């Protein structure tokens, strides 16, 4: 599926209160003998996450995070970063995810239920579940008590505030 189609389908699934406020982007940089690029997510026009393919290869040695939902990638993945190993203030460590991770997570989310997405091990898929229009206010309230990492927690708090609910 082309990026423009994927982006449109995922953004069409966003809750009405955040539609247009959360956006997904990707770009590719073509150099001789390599294909790199990055993906990023913005909240109200401010970039909150950067998924650099070059950084993923440089810092982690592989282009895919182990939480990315694709069984064919088993041997081409690097380990996830534990929350206690993150640098202070970082939602996503440099190179933790690549633009390929973003693409795969977005594509796979299209065939999942909102509940499956929220319970998924990938923070990217969890975020897509939190932002999905099928995730209602009661489900969001239940998620407040869940042990989410800082990355999905940011999007949960954002969605709660836009729904008129109190974030933690």
- prompt: Order of 44, 101, 157 from fewest to most other C-beta atoms within 10 Å?
  reply: 44, 157, 101
message: Could you work out how much longer the chain between residue 2 and residue 115 gets when fully extended? Use 0.36 nm per residue separation minus the Cα distance between them, nm to one decimal.
response: 38.1 nm
field: Gained length - residue 31 relative to residue 166, 0.36 nm times residue gap less alpha-carbon distance
entry: 43.9 nm
field: Alpha-carbon centroids, segment 133-156 and segment 1-31: separation in whole Å
entry: 21
Relative exposure of 127, 104, judged by other C-beta atoms within 10 Å (fewest first): 104, 127
- prompt: Listing 125, 48, 22 from the residue with the fewest other Cβ atoms within 10 Å to the one with the most, what is the order?
  reply: 48, 22, 125
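All of the numbers you see were taken from the coordinates with simple rules; none came from a lab. Worth saying up front: this structure is predicted, and the values here are computed from it rather than measured. With ideal geometry, Cβ positions are generated from the backbone for all residues, glycine too; neighbour counts draw on all protein chains shown.
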